[in-house]
Amino acid sequence: MSDPVSPLGGATFEGLVRITELPPRGMITLKGDLSSAKLKTAAAKLAGVDFPGPRGAALAGENGLLWMAPDEVMVLLPRAEAAGGAATLARALSGTHHLAVDVSDARCLFRLEGPGAREVLSKLTPADLHPDAFGPGEVRRTRLAQVAAAIWMPGPDSVEIVAFRSVARYVFDVLANAAAPEARVEYF
């Protein structure tokens, strides 16, 4: 079996912010009744973080839980643990209505770092990124220009973005265009 590789080989861009394509990370889509104590316990135990509330992001290093929808969370793990993690969830939730799928190979991940991260993203998404509306510990599913994405803030000047792997080049290019030094807006 070959080692997982990122679609753009770790591409970076320096402008208003630093844009980095992150190495492959394990991602498990977990769908089910998010009010179920059994589901919450299984997901939190696997990720090693508390179960988040609506629109919440609970993060600890490469591990995390992202609230994606009223019936869905994304489990983040080191890439090598994703397949086993999906199987662990399936065993823990046996007998309950759920879906646990390793989607790691279908996703790409980017990080924006710098005080202009909100400004750069504001050019591409309809999501309200004002600090009063979005900050660390929160996640949003949205669009970046013409493609679906999810965004969360590990810290005050850092944003991570997950999108479909098939649009990795497009996402990187629109982010780099929005982060070009001559594209400064100074909205925030």
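Tabulated results
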item: Positions within segment 74-92 being in contact with a Lys or Arg (Cβ under 8 Å, 6 or more places away or on another chain) and either within 13 Å of residue 40 (Cα to Cα) or at pLDDT below 95 (or both), in sequence order; result: 92
item: Which listed residue, of 56, 15, 61, 32, is in contact (Cβ under 8 Å) with a residue 12 or more places away in the chain and at positive phi; result: 32
item: Sole residue being over 13 Å from the mean Cα position of the chain (by Cα), under 19 Å from residue 141 (Cβ atoms) and not basic (Lys, Arg), chosen from 78, 52; result: 52
item: Meets criteria (within 24 Å of residue 158 (Cα to Cα) and buried (at least 20 other Cβ atoms within 10 Å of the Cβ)) for residue 46; result: no
item: Count of residues meeting criterion [surrounded by fewer than 16 Cβ atoms within 10 Å (Cβ to Cβ) and touching a Gly at 6+ places or on another chain (Cβ under 8 Å)] in segment 49-61; result: 1
item: Residue 37, sole failed condition from (1) over 19 Å from the mean Cα position of the chain (by Cα); (2) buried (at least 17 other Cβ atoms within 10 Å of the Cβ); (3) farther than 26 Å from residue 176 by Cβ; (4) among the hydrophobic types (A, V, I, L, M, F, W, C); result: (2)
item: Top-ranked residue in segment 93-120 [being in a helix (DSSP H, G or I) and of a type in the set (Asp, Glu); ranked as nearest to residue 41 (Cα to Cα)]; result: 105
item: Spans of strands (runs of 3 or more DSSP E) in segment 138-188 with at least 3 residues farther than 14 Å from residue 122 by Cβ; result: 147-155, 158-164
item: Subset of segment 12-32 [exposed (fewer than 15 other Cβ atoms within 10 Å of the Cβ) and either of a type in the set (S, T, N, Q) or over 29 Å from residue 170 (Cβ atoms) (or both)]; result: 12
item: Residue selected from segment 116-141 under the condition out of contact with any helix residue (DSSP H, G or I) (no Cβ under 9 Å at 6 or more places or on another chain) and of a type in the set (Val, Ile, Thr), by the criterion surrounded by the fewest Cβ atoms within 10 Å (Cβ to Cβ); result: 125
item: Test: residue in segment 146-164 that is more than 17 Å from the chain's Cα centre (by Cα) and touching a residue at least 12 places away in the same chain (Cβ under 8 Å); result: yes
item: Count of segment 166-180 residues which are more than 11 Å from residue 147 (Cα to Cα) and among the polar types (S, T, N, Q); result: 1
item: Any hit, segment 68-90, residues being assigned to a loop (DSSP other than H, G, I, E, B) and hydrophobic (A, V, I, L, M, F, W, C); result: no
item: Sole exception among (1) within 25 Å of residue 42 (Cα to Cα); (2) touching a residue at least 60 places away in the same chain (Cβ under 8 Å) for residue 171, by number; result: (1)
item: Residues (touching a residue at least 60 places away in the same chain (Cβ under 8 Å), more than 20 Å from the chain's Cα centre (by Cα) and closer than 20 Å to residue 49 by Cβ) located in segment 81-109; result: 93, 98
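The values are calculated or read from the model by the stated rules, or taken from the named source; none is laboratory data. Small disclaimer: the values here were computed from a predicted structure and weren't measured. Because the Cβ atoms are built from the backbone with ideal geometry, glycine has one as well, and the counts that use them run over all protein chains shown.
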